[in-house]
Structures are given as C-alpha cells and as structure tokens.
Amino acid sequence: MEIADLEYKFSKLINSGLIEAIVENDHIRFHPDTEAINKAKKECKAAKNKAEEDKKFNLLSNCSKELGRQIALGSEKGASAWISTLPLKECGFTLSKQQFQDAIRIRYNIPLEGISSECACGKSNSIDHALTCKLGGYISLRHNHLRDTLSNLLGVVCKDVVSEPHLLPITTEELPRGTTLQSDARLDISCRGFFSALDKTFIDVRVIHPNSLVNAQKPLKT
C-alpha cells in the first residue's frame with residue numbers, strides 16, 4: 001500500500017500538465033511538455049531513491065549486527081542477479097528445488113534443514129562453516145568450477161587460453177611478502193587478447209566468503 005501510494009503521487013506529478021489539460025478541456029495543452037516531464041521524472045527518481053535509503057537505514061538501525069551485515073551483503077551490486085536470471089538449461093542456470101531452497105537460506109543466513117549439527121571434521125556445523133570447511137574438497141571444487149567456467153568464456157573472445165599455466169621460476173627477484181616462491185608455482189588462467197592483441201594476461205580466481213572468521217570483522221568495502 002505504501003509503495004502504491006508513492007507511485008500514485010509520482011504519477012500525478014509527472015502527468016500534472018496533462019491532468020490540468022484534461023480537467024480544463026484545453027486541447028492546446030494536450031501536447032506534452034517534454035522538458036517539464038523529464039524534470040519531474042528526475043525529481044521522482046531522486047525522491048524514490050531517498051525513500052528507499054531512509055527505509056534501509058531504519059531497518060538496519062533496528063536489527064542485529066549479524067542480520068544487518070547479511071542485508072548489506074544481499075544489497076551488494078550483482079548479489080541478486082541469480083534470482084532474476086532466466087533458468088536456461090543449456091547455460092546451466094537451472095536449480096533443483098533443494099538447490100533453490102538452500103540458496104535462499106544461504107542468502108538470508110537462515111539455518112539449513114536436514115543437516116547434522118556437527119561437521120565430519122568435528123566442528124559445529126553451520127552455513128558459515130559449510131562454506132569454509134576444507135574437508136571433502138568442496139572448497140577446491142567450487143573454485144575449480146568457477147575457474148573452468150571463466151576459462152571457457154575467455155576461450156570465446158581470447159586466444160591461447162590456458163588453465164593453470166606454469167610461471168617462470170624465481171631467481172634473484174625481490175617480490176612482496178606472501179608471494180609463492182615454489183618452482184612449480186601456477187596461476188589459474190592465462191590468455192592473450194584480453195587487454196590488447198598480443199599481450200599475455202594472467203588471472204587468479206579467488207572465492208571469498210564474507211562471513212568467514214577472517215572476513216567477518218572486516219568492512220564490506222574492503
């Protein structure tokens with residue numbers, strides 16, 4: 001009801017000139033004033049955005065820190081793309097009933113149903129733990145699936161696409177702290193033609209869980 005009232009108010013503002021022309025039966029004014037309409041649309045858009053931001057602020061101010069973070073995560077750019085994507089089978093965009101229910105629960109941090117309270121690794125089970133537990137290799141499978149998908153897409157527009165290319169061995173170079181120095185070091189993908197025709201680009205794929213023990217206390221912007 002609140003949204004309907006707001007949309008009705010904006011509609012009246014945008015079409016105010018036409019409304020007056022109809023009421024006064026003024027045929028000359030039936031021609032729309034494009035400049036006035038565009039100005040009214042911008043004002044309505046700004047007012048609508050402000051109303052949504054105020055509502056979001058009030059909501060975040062009256063909920064727990066954990067819930068507020070989850071709402072902020074769901075509001076990030078692209079976080080809702082999978083919900084509105086067409087379920088094209090040939091593109092692998094279809095979800096089973098179980099997958100969809102689990103995805104919705106993960107999105108809003110609602111406990112999953114039908115799972116044991118204790119993980120096979122011995123720790124207490126939860127959504128956050130399930131997304132970070134290294135037992136069983138699911139973390140690697142998730143990463144590799146994303147790497148292979150990106151590699152296939154790059155193969156359409158780039159040349160010489162290679163998964164897990166070997167890097168040149170380190171000799172006397174001074175590299176930043178944390179750099180992998182092993183002789184068999186690899187990155188996830190390399191390709192040519194990404195930025196320019198012949199330059200070789202190396203890509204490292206990382207999957208980050210924002211609510212892991214390491215990231216939970218960090219601001220989302222980082």
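The values are calculated or read from the model by the stated rules, or taken from the named source; none is laboratory data. Predicted model, so just to flag it, every value in this text is computed and none were measured. Virtual Cβ from ideal backbone geometry, glycine too; neighbours counted across all protein chains shown. Protein only, heavy atoms only, side chains kept; ligands, DNA and RNA dropped before computing areas. Shrake-Rupley method; radii C 1.70, N 1.55, O 1.52, S 1.80 Å.
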Of all residues being of a type in the set (Asp, Glu) and without any contact (Cβ under 8 Å) to a residue 12 or more places away in the chain in segment 151-207, which is most open to solvent (accessible area, probe 1.4 Å)? Just the residue, please.
174
When residue 6 is run through (1) part of a helix (DSSP H, G or I); (2) open to solvent by 80 Å² or more (accessible area, probe 1.4 Å); (3) at pLDDT below 80; (4) touching a helix residue (DSSP H, G or I) at 6+ places or on another chain (Cβ under 8 Å), the failure sits at (2)
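Out of the residues in segment 123-152 that are among the small types (Gly, Ala, Ser) and part of a helix (DSSP H, G or I), which is nearest to residue 102 (Cα to Cα)?
Looking only at segment 123-152, we keep the residues that are among the small types (Gly, Ala, Ser), and these are 124, 126, 130, 136-137, 140, 151.
Then drop every residue that is not part of a helix (DSSP H, G or I), which leaves 130, 140, 151.
Working: 130: 12, 140: 20, 151: 27 Å.
Out of the qualifying residues, it is 130.
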Given (1) within 13 Å of residue 203 (Cβ to Cβ); (2) in contact with a strand residue (DSSP E or B) (Cβ under 7 Å, 6 or more places away or on another chain), where does residue 149 come up short, assuming only one miss?
(2)
Checked against (1) over 30 Å from residue 194 (Cβ atoms); (2) modelled with pLDDT of 90 or more, residue 133 satisfies every condition except (2)
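Within segment 128-151, identify whether any single residue is of a type in the set (A, V, I, L, M) and touching a Gly at 6+ places or on another chain (Cβ under 6 Å), and answer yes or no. Working first, answer last.
Pass one, segment 128-151, residues of a type in the set (A, V, I, L, M): 130-131, 135, 139, 141, 146, 150.
Those still in the list that are touching a Gly at 6+ places or on another chain (Cβ under 6 Å) too: none.
No, segment 128-151 has no match at all.
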Scope segment 73-105; condition within 20 Å of residue 56 (Cα to Cα), in contact with a helix residue (DSSP H, G or I) (Cβ under 8 Å, 6 or more places away or on another chain) and in a loop (DSSP other than H, G, I, E, B); matching residues:
75, 79, 80
